[in-house]
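A short write-up of the structure that comes next.
The values are calculated or read from the model by the stated rules, or taken from the named source; none is laboratory data. Computed from a predicted structure; not experimentally measured. No Cβ is skipped: glycine too gets one built from the backbone with ideal geometry, and neighbour counts run over all protein chains shown.
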Amino acid sequence: MQRSPSPSTMPRLHIAGIKLRFVKPPMRFPLGTSAAVVTAAPLLLVDLQTHEGIIGRSYLFCYRDSGAKAIAGVLQEAVDLVRGHAVVPLEVGELLSRRYALLGVTGIVRMALAALDIALWDALAVAANMPLARFLGAPLRSIPAYNSDGLGLMPAHEAASEAQKLLEPGYHAIKLRLGHREARKDIEVARAVRDAIGSHTDLMVDYNQALTVPEAIQRGHELADLNIYWLEEQICHSNVSGYAQISRSLTTPIQLGENLDGPESVHRVLAESATDYLMLDVARIGGVSGWLRAAAIAAVHDIPVSSHLFPEISVHLLAATPNAHWLEYVSWADAVLLEPLSAIDGVVTPPERPGLGLEWSEPEVKRWTAD
Ligand SMILES: [Mg+2]
């Protein structure tokens, strides 16, 4: 029997415009890290419009109000530059990277282009009526998730009780932020949390770049008997040789990567054996396109890959990632989503909905709209 190609029934999509909304829903668990205290999530909601009527969606966690405004400005201009162009994410990304090369495709520009890239991929998967994971050729497989809400810098007794609350939805793993000024306080809090959650719960620790190399090594040794799953970002993220030194000195695995800027920087970190595990942030790594490239580099080095924030997007990408490790679950976008992602017995599965499955709850978007 002859199999001849038939014309695609999928419409070829073209970029028409973009709608951006800045919202600040409150966080269920305020987060105080060694870097800042955050009580509301500054989110930029992205609706990419196509001439064919399909909407591609994405969103960004913008860290600060000024971040949301600056990213929105770049994103609006970027869409103006490619208006009418076919929805072909790699081609659009290449074109815009050249247009922004002199300003620098990093930081705010990188996040803006990533938000566009994610929305373009979403539009294609929605048009194909497939979840993004399946559109990328992956099964809708379950990914282990840890609850990363809350557990900021807080006194030991508060951390112990918050840790127990975070396990209530059925998680078997949580993340604790450390980096108190006094090392003794870090130990006290970590011990209280370990006692509260028992020995069978996985406990990750994140320092949010608070330490020096000698401090990181010293504090790593001091936590050694608490069975910490990983030690994350102890020192400035760009100090690659420092991480390599810490990694050689400690037996607890090192987690690093949420601040890596584009797939090229993943190569640099892994080539210097600076980390045991890799954590990708879909906004900083360059959207879906950047993630796929970074995941391929990690696979070459046989390094397990976890996600940073954006669980609704990351779960599709982890499903398509060799060596997928952990999904970082945060509930920060839940307030504005019609169907928030949920974990069942500690795992999250890409939903059986077209694209990323992102639909905004318009009354809640209106309620939390910020200037
Ligand atoms: Mg982190």
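For residues in region 195-220 being more than 16 Å from the ligand (Cβ to nearest atom) and of a type in the set (A, V, I, L, M, F, W, C), which is nearest to LEU166 (Cα to Cα)? Only one residue fits best here, namely ILE197. Taking region 307-345 as the range and being of a type in the set (A, V, I, L, M) and outside any loop (DSSP other than H, G, I, E, B) as the test, the residues that pass are ILE313, VAL315, LEU317, LEU318, ALA319, ALA324, LEU327, ALA335, VAL336, LEU337, ILE344. Considering region 135-164, the residues that are among the charged types (D, E, K, R) and touching a residue at least 12 places away in the same chain (Cβ under 8 Å) include one that is farthest from the ligand (Cβ to nearest atom), namely ARG141. Checked against (1) part of a helix (DSSP H, G or I); (2) over 21 Å from ASP122 (Cβ atoms); (3) more than 16 Å from the ligand (Cβ to nearest atom), ILE246 passes all but condition (3). Identification of helices (runs of 4 or more DSSP H) wholly contained in region 122-209 with 2 or more residues that are closer than 26 Å to ILE254 by Cα and out of contact with any strand residue (DSSP E or B) (no Cβ under 9 Å at 6 or more places or on another chain) yields 156-167, 183-197. Do we find a residue being farther than 28 Å from LEU260 by Cβ and touching a residue at least 12 places away in the same chain (Cβ under 8 Å) anywhere in region 86-95? The answer is yes; a qualifying residue exists.
The set of residues from region 53-95 being out of contact with any Gly (no Cβ under 8 Å at 6 or more places or on another chain) and of a type in the set (Lys, Arg) comprises ARG64, LYS69.
Is it the case, given these coordinates, that ASP371 is outside any strand (DSSP E or B) and either of a type in the set (Ser, Thr, Tyr) or within 19 Å of PRO42 (Cα to Cα) (or both)? Judged against the criteria, ASP371 is a match. Close Cβ contacts (under 7 Å, 6 or more residues apart or on different chains) running from residues in region 221-236 that are within 13 Å of the ligand (Cβ to nearest atom) and modelled with pLDDT of 95 or more to residues that are of a type in the set (Gly, Ala, Ser) and not in a loop (DSSP other than H, G, I, E, B) comprise LEU231/GLY220; GLN234/ALA216; ILE235/ALA216; ILE235/GLY242. The residue that is surrounded by the fewest Cβ atoms within 10 Å (Cβ to Cβ), among those in region 134-179 that are closer than 30 Å to LEU124 by Cα and basic (Lys, Arg), is ARG141. For region 277-306: of the residues being surrounded by 18 or more Cβ atoms within 10 Å (Cβ to Cβ) and part of a loop (DSSP other than H, G, I, E, B), which is nearest to the ligand (Cβ to nearest atom)? The selected residue is ASP281.
Just one of ALA145, ALA192 is of a type in the set (A, V, I, L, M, F, W, C), closer than 23 Å to LEU309 by Cβ and modelled with pLDDT of 95 or more; which is it? Of ALA145, ALA192, the one residue that is of a type in the set (A, V, I, L, M, F, W, C), closer than 23 Å to LEU309 by Cβ and modelled with pLDDT of 95 or more is ALA145. Every condition in (1) within 26 Å of GLY107 (Cβ to Cβ); (2) of a type in the set (A, V, I, L, M); (3) in contact with a helix residue (DSSP H, G or I) (Cβ under 7 Å, 6 or more places away or on another chain) is met by LEU309 except one, and the failing one is (3). Pairs are defined by a Cβ separation below 8 Å, a sequence spacing of at least 6 or placement on different chains, a first member in region 245-262 that is not assigned by TED's automatic domain parsing to the domain that holds ALA295, and a second member that is part of a loop (DSSP other than H, G, I, E, B) and crowded, with 19+ Cβ neighbours inside 10 Å; no pair meets this definition.
Within region 221-247, the set of residues being closer than 18 Å to ALA183 by Cβ, buried (at least 22 other Cβ atoms within 10 Å of the Cβ) and of a type outside the set (A, V, I, L, M, F, W, C) comprises GLU232, GLU233, GLN234. Note on region 249-269: among residues that are surrounded by fewer than 22 Cβ atoms within 10 Å (Cβ to Cβ) and assigned to a helix (DSSP H, G or I), the one that is nearest to the ligand (Cβ to nearest atom) is SER265.
Every condition in (1) touching a helix residue (DSSP H, G or I) at 6+ places or on another chain (Cβ under 6 Å); (2) over 19 Å from GLN245 (Cα atoms); (3) not acidic (Asp, Glu) is met by SER199 except one, and the failing one is (1).
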